[in-house]
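A quick write-up on the structure given underneath.
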Amino acid sequence: MNGGKATLGRTAGLYLGAAVLRLALFTLFPGLPDLLTGRVEISTPVTSFKRLQEGLFLYNHNVSPYDGGVYHQAPLLLPLFALLPSFAALPVFTYLLYIAVDLLSAHALFQIAESGEPGASALYTSPRRDKRWSGFVIAALFLFSPFTIATCIGRPTSVFTACAILHAVVKAISGAPVGAMVALSFAAYLSMYPLLLLPPLLLLSYDRQLPGRATKSLAQFAATNIGVVASVLGMLFSMSFLITGSWEFLPSTYGVQLTLSDLAPNVGLWWYFFVEMFDSFRSFFLAVFWLHLSAYVGALTVRIRRQPLVVLTLLLGIFAIFKPYPSISDMSLFLATVSLYRHVFPLMRYTFLVASIIMYTTFLGPAFYHLWIYAGSGNANFFYAITLVWGLGLSLLVCDLTFAVLRDEWEVERPEMVGKEIRQI
């Protein structure tokens, strides 16, 4: 039931096959990367590779990358890509960087799956924990997912955030809370929203402390690790200031996400709502939307305290729906973490409906966008309507996984109810 034993040779072959597939798509279809980079489902104003290239051009010519209001990404990405050979002359090095990040993310998922944490946390052990997929299967599902491959070829910077989040989870499970906080700090620096993952990640790190170095007080542990996050973020901000020579990057990166000043279409729910919003109400509804997004953190962390990894997974799904600038990269990360919970799949009720909605919107989304932007036979309502259906499918998946996890816990508490029907009222 565990999907087969993952030997070193099989795992290396899996990673090699995934790398070769991506490199083949990059080289055999030279127009594909630029095509996918321009897709609003893949690139957003805060992750776009094209905008990164514009910022890099300004940076290399000693001009502030934030002049012109196009570049909205973290300053430290600029020296990273500046170290690579010119993309116009030798794009293969950029391709290899994105392939390597995908492989690092897959290996992190492999380690999470092999740790057994999804089925047996420090405070709860599922009776179905043996019905799981191996790390090899989880990594394969991630590496060969169409969403993951399209994201890699489209080269958004969201892949770096996803990689940092997964490695933060790996460090937390392995009893290295400082490493987990450092990885989360990098993710928060790149995209800001991962900072909301701090409460469940703190609990996961606290539960998995190594016996010889355990801190008994949760408050002391939390304070220490919050200090680590603050220190690392302070260091990253200071380095960003040294690179750019000003604090202009703060409103240009995080301010854009907080205020939604760039209303470019995406697969999220915010952009069209604020296009139609009167300016006098804009500040109020921005606060409401952000409050709604952050309200899930405390509620889920308290309710599913015994399984903090579940909370992290559910929050990733919620972010894929409700954050200001979502993309299919967020969907790819969420689906990868959902696959860790193979043992509760029999308890889920809407798998066929969710799969149908996701397939339906995956094909119709680009078609509706084409009708609106290129054919001129539709309007913004066409595309926004299909993004609402996309959000509905993800919402059903989040709710269904929550139900399955809670049902699993409930059957442990009340064994006499195993297999009996439940009605929600």
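The values are calculated or read from the model by the stated rules, or taken from the named source; none is laboratory data. Because the structure is a prediction, the values reported are computed rather than measured. Quick reminder, even Gly has a Cβ in these numbers, built from the backbone with ideal geometry, and neighbours come from all protein chains shown. For accessibility, only protein heavy atoms count, side chains too; no ligands or nucleic acids. Shrake-Rupley method; radii C 1.70, N 1.55, O 1.52, S 1.80 Å.
Given R₀ = 45 Å, what would the calculated FRET efficiency be for Arg39 paired with Lys131, taking r from the Cβ atoms and rounding to 0.05? Walk me through the numbers on the way to the answer.
On the way: r = 37 Å, r/R0 = 0.82.
It comes out at approximately 0.75.
Using a simple spin-label model with pseudo-atoms 7 Å out from Cα toward Cβ, Leu28 and Ser356 lie 3.5 nm apart.
Using a simple spin-label model with pseudo-atoms 7 Å out from Cα toward Cβ, Arg305 and Glu54 lie 4.9 nm apart.
Classify the range 260-418 from the C-alpha gyration tensor, please: rounded if a/c falls under 1.5, else prolate or oblate depending on whether a/b exceeds b/c. Let's see the in-between values first.
On the way: a/c = 2.93, a/b = 1.61, b/c = 1.82.
Because a/c hits 1.5 or more and a/b fails to exceed b/c, the range 260-418 counts as oblate.
Lys-Lys pairs in the chain that are eight or more residues apart or on separate chains and whose Cα atoms lie under 30 Å of each other come to 7.
Tell me whether the range 210-332 comes out rounded, prolate or oblate; compute the Cα gyration tensor, take square roots of the eigenvalues as a ≥ b ≥ c, and use a/c under 1.5 as the rounded threshold. Write out the running numbers ahead of the final one.
Details: a/c = 2.26, a/b = 1.34, b/c = 1.68.
Cα axes put the range 210-332 in the oblate bin.
Per-residue ellipticity at 222 nm computed for the chain from its helices equals -21500 deg cm²/dmol, with DSSP H segments shorter than 4 residues left out and the rest contributing -39,500 (n - 2.57). Taking the Cα centre of the chain as origin and assigning +1 to Lys and Arg Cβ atoms and -1 to Asp and Glu Cβ atoms, the resulting dipole is close to 1020 debye. Just to be sure I follow the definition: excluding the sites themselves, where is the longest run in the chain that has none of the trypsin sites (Lys or Arg not before Pro) in a DSSP loop with at most 12 other Cβ atoms within 10 Å? Result for the longest clean stretch: 6-215. A convex hull fitted around the alpha carbon atoms of the range 1-102 yields 147 Å³ per residue. GNM remark for the chain: springs join alpha carbons under 10 Å apart, and the peak mean-square fluctuation among Ser205, Ser377, Ser145 falls on Ser377. Counting 0.36 nm for each residue step from Ala287 to Asn379 and taking away their Cα separation leaves a gain of 30.3 nm.
From the alpha carbon centroid of the range 290-351 to that of the range 149-195 is 15 Å.
Using a probe of 1.4 Å, the accessible surface attributed to Val302 totals some 120 Å² when neighbouring protein chains are kept in position. At a probe size of 1.4 Å, how large is the accessible area of Leu28, to the nearest 10 Å²? Around 120 Å² of this residue is reachable by solvent. Once divided by 2.2 N^0.38 Å, the Cα radius of gyration of the range 258-301 becomes 1.27. Determine the shape class of the range 104-217: with a ≥ b ≥ c the square roots of the Cα gyration tensor eigenvalues, call it rounded for a/c under 1.5, and otherwise prolate if a/b is greater than b/c, oblate otherwise. In terms of gyration-tensor shape, oblate. Identify the chymotrypsin sites (Phe, Trp or Tyr not before Pro) of the range 154-206 meeting these criteria: DSSP loop state and at most 10 other C-beta atoms within 10 Å of the C-beta. Answer in residue order: no site qualifies. Each Lys and Arg adds +1 at its Cβ and each Asp and Glu adds -1 at its Cβ; summed about the Cα centre, the range 186-282 shows a dipole of about 560 debye.
Projecting the Cα atoms of Pro415, Leu315, Ile149 onto the charge dipole of the chain (Cβ charges, centred on the Cα centre) puts Pro415 farthest toward the positive pole. Could you pull out which residues in the range 391-407 have an amide N less than 15 Å from a spot 7 Å beyond the Cα of Ile422, following the Cα-Cβ vector? Correct set: 398-407. Our estimate of slack between Leu392 and Asp67, defined as 0.36 nm per intervening residue step minus the Cα-Cα distance, is 113.2 nm. In nm², what is the average projected area of the convex hull enclosing the Cα atoms of the range 269-330? For the range 269-330, the mean projected area of the Cα convex hull comes to 4.5 nm². Over all Cα atoms in the range 4-417, the spread is summed up by Rg and Dmax: 21.2, 71 Å.
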